[in-house]
1. Of all the residues that make up segment 55-71, how many are closer than 11 Å to ASP30 by Cβ and touching a residue at least 60 places away in the same chain (Cβ under 8 Å)?
2. Any residue in segment 88-111 that is under 10 Å from ILE21 (Cα atoms) sitting within a Cβ distance under 6 Å of a residue that is β-branched (Val, Ile, Thr) and surrounded by fewer than 18 Cβ atoms within 10 Å (Cβ to Cβ)? List the pairs, counting only those 6 or more apart or interchain.
3. Has segment 161-184 got any residue that is at pLDDT 80 or above, closer than 26 Å to GLN20 by Cβ and surrounded by fewer than 15 Cβ atoms within 10 Å (Cβ to Cβ)?
4. So ILE110 ticks every box in (1) hydrophobic (A, V, I, L, M, F, W, C); (2) buried (at least 21 other Cβ atoms within 10 Å of the Cβ); (3) farther than 15 Å from THR25 by Cα; (4) within 13 Å of the chain's Cα centre (by Cα) but one. Which box is left unticked?
5. Among the residues in segment 61-78, are any surrounded by fewer than 16 Cβ atoms within 10 Å (Cβ to Cβ) and out of contact with any strand residue (DSSP E or B) (no Cβ under 8 Å at 6 or more places or on another chain)?
6. If GLN47 passes every condition in (1) of a type outside the set (A, V, I, L, M, F, W, C); (2) without any contact (Cβ under 8 Å) to a residue 60 or more places away in the chain; (3) exposed (fewer than 15 other Cβ atoms within 10 Å of the Cβ); (4) closer than 24 Å to LEU138 by Cβ but one, which one does it miss?
7. Name every residue in segment 97-145 that is assigned to a loop (DSSP other than H, G, I, E, B), of a type in the set (A, V, I, L, M) and more than 22 Å from VAL50 (Cα to Cα), in order of residue number.
8. Does segment 139-152 include one or more residues that are under 22 Å from TYR27 (Cβ atoms), buried (at least 16 other Cβ atoms within 10 Å of the Cβ), touching a strand residue (DSSP E or B) at 6+ places or on another chain (Cβ under 9 Å) and of a type in the set (A, V, I, L, M)?
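The values are calculated or read from the model by the stated rules, or taken from the named source; none is laboratory data. Model, not experiment: these values are computed from the prediction. Cβ: placed from backbone, ideal geometry, glycine included. Neighbour counts: every protein chain shown.
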Amino acid sequence: MADQDPINPNNGSGPDNAPQIAVITQYIKDLSVECPNSPAVFQWQAQPQVDVQFNINVNNVADEVHEVILKVNVAAKSDNGAHFLIDLSYAGLLGLRNLPEDAVGPFLLIEAPRLLFPFVRQIVADAVQQTGFPPLLLEPIDFNAVYLQQLNAMQTAEGEGDAGSDGSGPAGETPEAPVEGSGQTNS
């Protein structure tokens with residue numbers, strides 16, 4: 001039992017058709033941190049309004065490998081100007097094997113971003129702290145609700161343009177998931 005390979009339990013003795021998912025690696029693809037009005041910003045008394053926007057992009061890298069990019073833009077601004085700006089693209093390479101076709105899109109747009117988000121949250125908190133402000137902890141994101149909202153929007157658009165559509169979305173396409181920012185206040 002101890003010799004059994006956890007990834008391939010058959011140890012090559014036969015076909016393995018069980019779904020397999022693996023995070024191959026995760027990495028910062030792009031990071032920009034700006035505090036354009038320093039040092040004057042540290043004299044301002046106004047509390048900034050923090051606007052958070054995010055996007056999910058999926059790229060097919062190889063036959064069974066996908067890159068999921070969680071892009072987060074954070075802008076803290078007041079009437080005086082910008083306090084800080086953070087642009088982060090954090091990516092993960094995921095290997096998917098033997099997953100049913102209808103499960104690939106939901107996994108890449110719900111579960112993969114959910115796995116990446118804690119790391120994005122930590123990077124943003126650290127980046128904000130390095131600009132001289134208290135760390136900003138991003139609110140959790142319900143990626144399932146975002147996916148369903150995006151899917152409903154796609155189905156509505158398809159229903160208006162193509163009455164005979166089955167509503168499953170374009171074959172092979174994984175939609176982006178843009179969401180308008182939340183008005184978080186940095187305290």
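1. Step one: filter segment 55-71 for residues closer than 11 Å to ASP30 by Cβ, giving 69, 71.
From what is left, the residues that are touching a residue at least 60 places away in the same chain (Cβ under 8 Å) are none.
Result for segment 55-71: 0.
2. So the pair list comes out as LEU94/VAL23; GLY95/ILE24; GLY95/VAL65; LEU96/ILE21.
3. The answer is no; no qualifying residue exists.
4. (2)
5. Yes, some residue in segment 61-78 is surrounded by fewer than 16 Cβ atoms within 10 Å (Cβ to Cβ) and out of contact with any strand residue (DSSP E or B) (no Cβ under 8 Å at 6 or more places or on another chain).
6. (2)
7. LEU99
8. yes
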